[in-house]
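The values are calculated or read from the model by the stated rules, or taken from the named source; none is laboratory data. Predicted model, so just to flag it, every value in this text is computed and none were measured. Don't worry about glycine lacking a Cβ; one is built from the backbone with ideal geometry, like all the others, and counts go over all protein chains shown.
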Amino acid sequence: MTARTRRSLLYVPGNNPGMLQTGGLFGADVVVLDLEDSVAPSEKDAARDLVCGALRRVDFGRAATCVRLNSLDTFAAADLKSLVPARPDLVLLPKTGCPGDVLELVGILERLESLEKKDRKPIGVMALIESPRGLAEINAIAASHPRLEALVLGAEDYAAMVGALRTKEGGEIALARSQLVNAAAAYGLESFDAVFTDAADDEGLAADTILARNLGFTGKSAVNPRQVKVINDLFSPSGEDVDWAGRVVRALRQAEKEGSGVASIGGKMVDAPVARRAERILRLAEKLGPGGGDGR
Amino acid sequence: MKNAIGREIPGETKGQGKLRPFLGAFQGAPETFPRLPPKKRSPPGGNKVFSSLGDLFGDLELKSGATVSFHHHLRDGDAVANMVLAAADKFGLRDLNVSLTGTFAVHAPMIELVKKGVVASLRTSSLYGPVAGAVSRGVFPTPVLIHTHGGRPRAMKNGELSVDVAFVAAPAADRRGNIVGHLGKSACGSLGYAWSDADHAGTVVAVTDNLVPFPLFPPSIPQNKVDRVVAVESLGDPRGIVSGTTRITKDPVALKIAASAAEVISASGLLKEGFSFQTGAGGASLAAARYVAQMMEKDKIRGGFALGGITAHMVGMLERGLFQCLYDVQSFDLESVRSLGRNQNHLEIGADLYANPHSSGCLVDDLDAVILGATEIDLDFNVNVVTGSDGVIMGAAGGHPDTAAGAKLTIVVANLLRSRQPIVVDRVITATTPGETVDVLVTERGVAVNPKNQELKERLVKARLDVKEIDELKSLAEKIAGAPEKVDRDGPVVALVEYRDGTIIDVVRGVSG
């Protein structure tokens with residue numbers, strides 16, 4: 001799945017061979033092979049080997065592969081040294097606290113990639129925002145480097161660090177969500193909402209996903225494969241969305257043909273952000289094909 | 001000689017005599033064997049009740065070399081087969097032929113009785129636990145016969161299997177021999193596998209730990225078929241008899257397989273008014289049943305019947321009006337036991353009506369869809385449910401071959417990799433169910449349709465299911481896990497896998513260790 005049309009981001013523990021092998025089966029748009037929180041410090045080496053093996057041998061289908069690194073102050077450099085030759089599509093930097101973190105990561109990536117074949121696509125970067133500091137600097141982080149593709153919210157750590165009580169309703173992370181969405185939108189990045197941790201609560205997940213979508217997130221993280229379908233379904237454009245987007249694009253073309261700078265539908269002016277939204281819906285619909293096409 | 005699916009079958013074996021090779025799922029002609037009907041008489045005022053197995057054995061005319069039978073409705077909680085065989089040993093009986101409809105870990109004491117010469121042979125539909133291992137190691141003096149649920153009533157009806165004394169574990173019985181399975185501390189629900197024994201055995205003994213006042217009604221097995229009633233302390237361990245609840249899996253891979261299986265049923269066009277269905281109680285099967293139920297509710301479809309081993313989920317579907325009735329040959333959990341006792345649309349049936357191919361019409365033939373498991377499946381869609389990938393016995397033929405042959409749509413669900421072993425192989429180690437009776441294999445990495453069913457394949461492709469060729473699935477699995485090593489099949493024959501019509505579909509050869 002190409003950038004800008006990714007709806008779901010599924011975490012898979014990097015130390016579990018069975019789950020690494022099946023991670024691509026559930027229709028997630030991004031599969032995140034996790035070297036950080038799911039792996040005990042004593043198992044980091046073994047997990048790194050497993051993740052590199054999975055990247056080389058496992059068919060993840062149309063999912064983009066991503067590795068959640070350890071933080072820059074622990075094992076990130078060692079992770080990258082092993083990982084870069086195995087070529088994940090993306091890396092996710094945890095505990096991103098300032099633009100310098102992104103720049104440091106990109107610097108390591110560039111050095112390691114320079115040792116590889118030149119014809120390879122550079123590895124994309126996602127930043128996990130999970131601290132008050134990261135949120136305070138979020139606009140600068142979003143603007144930090146063109147290789148940054150997405151901001152991902154880590155709500156559990158964030159809530160703990162600001163001293164908030166984490167609830168299913170999520171009032172305590174409302175500001176964090178909105179700031180992250182805004183920063184991502186301002187700099188043309190994707191934005192992924194935090195995981196919904198109760199894997200047994202399907203209704204709670206659906207409500208949380210609808211909230212994230214309505215706030216403007218482009219996708220949501222999943223902690224269990226069973227959550228992926230709900231997230232994909234709710235982040236997929238409906239038939240009405242696709243019809244509307246089609247009308248917008250046709251109106252723009254018509255306006256262009258007629259030499260008019262302004263298009264309108266039903267008396268409402270179509271401006272640039274509306275046009276961009278319509279284009280994203282059509283791109284997503286085209287990727288998914290009729291009926292959504294998830295996990296098929 | 002080679003049978004119709006290319007399996008090498010010996011002409012005869014010790015104990016079983018001449019063998020008939022499998023000819024095809026619907027080719028084996030019915031046979032009958034001469035046998036005199038049992039002589040029975042129960043004078044008015046006569047006493048049927050014995051207070052111990054000792055007293056009973058003093059009265060029974062049971063001789064060495066006789067055939068005794070047991071049902072497996074008490075599953076891994078059964079104490080009856082063990083206590084009866086121990087009593088037989090105490091009375092000096094030897095060379096008994098045992099027909100036990102299913103063999104579990106709890107039956108381990110049988111191994112010593114085989115070594116001692118008390119037990120000479122075993123016929124069963126399933127082999128789990130230490131007895132299975134003992135069979136694989138060649139402990140039994142004659143090959144064990146593994147039959148199907150439908151094959152056993154066929155063999156009893158046609159005289160091939162002649163039972164001298166049937167010991168029927170009875171969770172409730174009265175002094176005249178009326179029996180039910182859904183009452184008492186050892187309640188197991190349906191007694192369907194014992195019905196043929198009650199019809200055909202020379203002497204029928206109800207073994208009960210719950211002697212209730214006469215009349216016990218309505219009976220599962222009525223008094224006119226029961227010759228003796230023996231009271232014992234306990235039939236076994238209730239914890240091993242039924243599970244408290246059967247839970248739907250949370251394993252995301254199994255759920256994905258289940259969802260695909262339900263989609264296959266939907267795409268097949270069979271999911272419509274009057275739909276009939278059977279599924280197992282394990283892994284993906286129950287989850288598939290839940291997805292099917294959701295589809296039926298959404299489209300307001302009222303099914304005809306659900307069949308087989310019954311679980312709380314099937315009971316729920318009956319109570320929500322998704323089926324008109326349940327046909328219950330075996331009850332898997334407490335809720336299905338309770339439902340059998342209270343819901344008149346939850347019907348107890350015998351194995352003959354369930355699956356006997358040589359009857360005037362068994363219910364498996366009326367199934368629209370069945371979902372079945374597999375330990376292996378090969379490129380010809382032959383399925384193994386009896387031995388593991390190492391060739392050691394660890395499973396059950398059960399109703400697998402019966403339902404596969406009867407149902408319009410036979411779906412096999414399996415993880416493409418099990419314990420790092422590919423499930424799709426060139427040739428299954430042991431063929432249990434012939435490929436000609438299997439329509440679809442559903443795995444987490446795609447769905448393969450038997451080439452004999454092109455129309456179904458087109459429907460699944462149209463429904464955008466991930467349809468692959470079966471050899472493609474095999475390659476996929478081998479790419480991840482490597483090709484499995486060939487298992488040596490040169491040992492002596494330790495078990496015969498009997499197809500439901502009485503022919504031999506395969507043999508199991510012994511393994512060392």
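Quick notes on this one:
- Complete set of residues in segment A:20-45 that are in contact with a Pro (Cβ under 6 Å, 6 or more places away or on another chain) and of a type outside the set (Asp, Glu): A:Phe26, A:Ser38
- Segment B:190-209, residues that are more than 11 Å from B:Ile349 (Cα to Cα) and out of contact with any Pro (no Cβ under 6 Å at 6 or more places or on another chain): B:Asp197, B:Ala198, B:Asp199, B:His200, B:Ala201, B:Thr203, B:Val204, B:Val205, B:Ala206, B:Val207, B:Thr208, B:Asp209
- All of B:Val84, B:Val49 fail the test of being closer than 30 Å to B:Leu334 by Cβ, over 28 Å from the mean Cα position of the chain (by Cα) and not acidic (Asp, Glu), apart from B:Val49.
- Selection count where residues are within 13 Å of chain B (Cβ to nearest Cβ) and within 24 Å of A:Gln179 (Cβ to Cβ), scope segment A:201-226: 2
- Some residue of segment B:382-393 being surrounded by fewer than 21 Cβ atoms within 10 Å (Cβ to Cβ) and modelled with pLDDT of 95 or more: no
- Selected residue (criterion: farthest from the other protein chains (Cβ to nearest Cβ)) from residues of segment B:436-464 that are farther than 22 Å from B:Arg418 by Cβ and of a type in the set (A, V, I, L, M): B:Leu456
- When residues of segment B:474-488 are limited to those that are within 13 Å of chain A (Cβ to nearest Cβ) and of a type in the set (A, V, I, L, M, F, W, C), the one farthest from B:Thr148 (Cα to Cα): B:Ile480
- Number of the exception - B:Thr246 against (1) over 23 Å from B:Lys457 (Cα atoms); (2) surrounded by fewer than 23 Cβ atoms within 10 Å (Cβ to Cβ); (3) assigned by TED's automatic domain parsing to the domain that holds B:Val385: (3)
- Residue count for segment B:93-124, restricted to those that are more than 13 Å from B:Asn82 (Cα to Cα), aliphatic (A, V, I, L, M) and assigned to a helix (DSSP H, G or I): 0
- Taken over segment B:467-481, the criterion of being in contact (Cβ under 8 Å) with a residue 24 or more places away in the chain and surrounded by fewer than 18 Cβ atoms within 10 Å (Cβ to Cβ) is satisfied by B:Asp471, B:Glu472, B:Glu478, B:Ile480, B:Ala481.
- Among the conditions (1) under 25 Å from A:Pro99 (Cα atoms); (2) surrounded by fewer than 19 Cβ atoms within 10 Å (Cβ to Cβ), the only one that A:Glu203 does not satisfy is (1).
- Residue match in segment B:181-195 (condition: within 14 Å of chain A (Cβ to nearest Cβ), in a loop (DSSP other than H, G, I, E, B) and closer than 30 Å to B:Tyr291 by Cα): no
- Criterion (hydroxyl-bearing (Ser, Thr, Tyr), under 18 Å from the mean Cα position of the chain (by Cα) and either away from chain B (no Cβ under 14 Å) or within 23 Å of A:Ile129 (Cβ to Cβ) (or both)) met by exactly one of A:Ser260, A:Ser236: A:Ser236
- Of the helices (runs of 4 or more DSSP H) lying entirely inside segment A:1-88, the ones with 3 or more residues being away from chain B (no Cβ under 14 Å) are found at A:44-57, A:76-83.
- Count of segment B:438-454 residues, restricted to those that are surrounded by fewer than 24 Cβ atoms within 10 Å (Cβ to Cβ) and not in a loop (DSSP other than H, G, I, E, B), is 2.
- Elements of type strands (runs of 3 or more DSSP E) contained in segment B:292-354, each with 3 or more residues being more than 19 Å from the chain's Cα centre (by Cα): B:303-310, B:323-331
- Condition met for A:Ala285 (more than 19 Å from the chain's Cα centre (by Cα), closer than 26 Å to A:Val30 by Cβ, part of a helix (DSSP H, G or I) and modelled with pLDDT of 85 or more): no
- Condition check for A:Pro99: in contact (Cβ under 8 Å) with a residue 40 or more places away in the chain, surrounded by fewer than 21 Cβ atoms within 10 Å (Cβ to Cβ) and assigned by TED's automatic domain parsing to the domain that holds A:Val152: yes
- Scan segment B:91-105 for residues that are in contact with a strand residue (DSSP E or B) (Cβ under 6 Å, 6 or more places away or on another chain) and surrounded by 15 or more Cβ atoms within 10 Å (Cβ to Cβ) and the total you get is 7.
Every residue, every condition in (1) surrounded by 16 or more Cβ atoms within 10 Å (Cβ to Cβ); (2) at pLDDT below 95; (3) under 16 Å from the mean Cα position of the chain (by Cα), yes or no:
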| site | (1), (2), (3) |
| --- | --- |
| A:Arg57 | no, yes, no |
| A:Gly61 | yes, yes, no |
| A:Ser82 | yes, no, no |
| A:Leu109 | yes, no, no |
| A:Pro122 | no, yes, no |
| A:Leu148 | yes, no, yes |
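- Restricting attention to segment B:251-288, the residues that are within 19 Å of B:Asn415 (Cα to Cα), more than 14 Å from every other protein chain (Cβ to nearest Cβ) and free of Cβ contacts under 8 Å to residues at least 60 places away in the same chain add up to 2.
- Residues being modelled with pLDDT of 95 or more and farther than 16 Å from B:Ala259 by Cβ - total across segment B:278-309: 10
- Test: residue in segment A:204-212 that is outside any loop (DSSP other than H, G, I, E, B), touching a helix residue (DSSP H, G or I) at 6+ places or on another chain (Cβ under 8 Å) and in contact (Cβ under 8 Å) with a residue 60 or more places away in the chain: no
- A:Asn182 meets the conditions (1) touching a helix residue (DSSP H, G or I) at 6+ places or on another chain (Cβ under 7 Å); (2) surrounded by 15 or more Cβ atoms within 10 Å (Cβ to Cβ) in every case but one. The failed one is (1).
- Meets criteria (under 20 Å from the mean Cα position of the chain (by Cα) and among the hydrophobic types (A, V, I, L, M, F, W, C)) for A:Val242: no
- Checking each residue in segment B:405-435 for being assigned to a helix (DSSP H, G or I) and within 14 Å of chain A (Cβ to nearest Cβ) picks out no residue at all.
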